[in-house]
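Accompanying notes for the structure given below.
The values are calculated or read from the model by the stated rules, or taken from the named source; none is laboratory data. Just so it is clear, the structure is predicted and the values come from calculations on it, not from any experiment. Here the Cβ positions follow ideal geometry from the backbone for every residue, glycine too, while neighbour counts run over all protein chains shown. What goes into the accessible areas is simple: the full protein's heavy atoms, side chains included, and nothing from ligands, DNA or RNA. Shrake-Rupley method; radii C 1.70, N 1.55, O 1.52, S 1.80 Å.
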Amino acid sequence: MSFTIAVAGKGGVGKTTLCGLLIQYLCEQGKRPVLAVDADANSNLNEVLGVEVEMTLGDIREEVANSENAVNRKVPVGVSKADYMEMMVNRCLVEDDDFDMLVMGRTQGKGCYCYVNGLLQTQLARMAPNYPYVVVDNEAGMEHISRGILPKVDMVLLVSDCSRRGVQAVARIAELVEDLNLKPKTIGLIVNRAPEGKLNEGTMEEIEKHNLNLLGVVPQSTEVYEYDCDGKPTVDLPEDSPVKKALRDIIDKLEI
């Protein structure tokens, strides 16, 4: 059975950056291959990991929608839609030396994400058993878990910045996990972008108020900001990077 780690938090707190570094560290520790899932419609986990994405599940949705139009038929004659879908999904899977990656992506223009969510659910159920570890970068909130898109969740890593609003947001996610009776083996909070790697009293009060399990603190880093501005993969940060060290110390304590 695969071990599934869901990374969640409100938008803009750096969860995708930490998710990418987590995937890198798991691979370095010999826990490969990892299935990396970018379940955010605004996908950019591939940029953190430094891989190119040819096609997303959202693109498949558009292909299928177009196939209904006889003038712009995408499904080859003589091929069933089910077989065509499997072929297209295989094109969505980005294969690296140590991990594979599946990207949800977004649909074009108007329309709901129900089809793409359903496709993601189906493919995760099919692929997950082939990997010892599955790491899912969720969109802001926990829609994918609340809809039952993830087959199971063994660990939930909540990511917040130092703001009270960020802590309140992850507290609501923690409540949702409990309400849904998901029963992950571990659910804990990582506070990211802390000045000098320290939390002030107000932030600590908010964490204690919501009875959140604080796993650790990752310091604010101009280096991460510069890598992002220069278009460099965050996983290429030097090994002595305080951000990498802090996250790896947290993961080591979890004994994943």
Pseudo-spin-label distance D240 to A125, built 7 Å along Cα→Cβ, given in nm, is 5.1
Rh_Kirkwood(the chain) over Cα pairs, Å, one decimal, evaluates to 19.0
Whole-percent tail of the Cα-Cα distance distribution for the stretch 178-256, cut at 14 Å, equals 69
Candidate cut points under trypsin sites (Lys or Arg not before Pro) in the stretch 180-227, DSSP loop plus at most 13 other Cβ atoms within 10 Å of their own Cβ, are K185, K198
Lys and Arg at +1, Asp and Glu at -1: neighbours of Q220 with Cβ under 12 Å from its Cβ sum to -1
Expressed in nanometres to one decimal, the distance between label points 7 Å along Cα→Cβ at E201 and K183 is 4.2
Carbon plus sulfur, as percent of the 1.4 Å-probe accessible area of the stretch 129-256, comes to 45
Net charge near G166 (other residues with Cβ under 12 Å of its Cβ; Lys, Arg +1; Asp, Glu -1) is +4
Close lysine pairs (the stretch 128-256; alpha-carbon distance under 17 Å; 8 or more apart or on separate chains) counted at 8
Taking protein heavy atoms only, a 1.4 Å probe, and rounding to whole percent, the accessible area of the stretch 1-48 owed to carbon and sulfur comes out at 41
Listed by chain and number, the residues whose amide H is under 5 Å from that of V218, excluding neighbours fewer than 5 places away on the same chain and using placed H, are V191, N192, R193, A194
With the 8 Å Cα cutoff and a minimum separation of six or more residues, the stretch 117-220 has a relative contact order in percent of 26
Residue-normalised value, i.e. accessible area per residue, for the chain at 1.4 Å probe, in Å², stands at 49
The set of residues whose placed amide H lies less than 5 Å from the amide H of F3, leaving out same-chain residues fewer than 5 positions away, is Y133, V134
Computed about the Cα centre, the charge dipole of the stretch 1-67 from +1 Lys/Arg and -1 Asp/Glu charges at the Cβ has a magnitude in debye, to the nearest 20, of 440
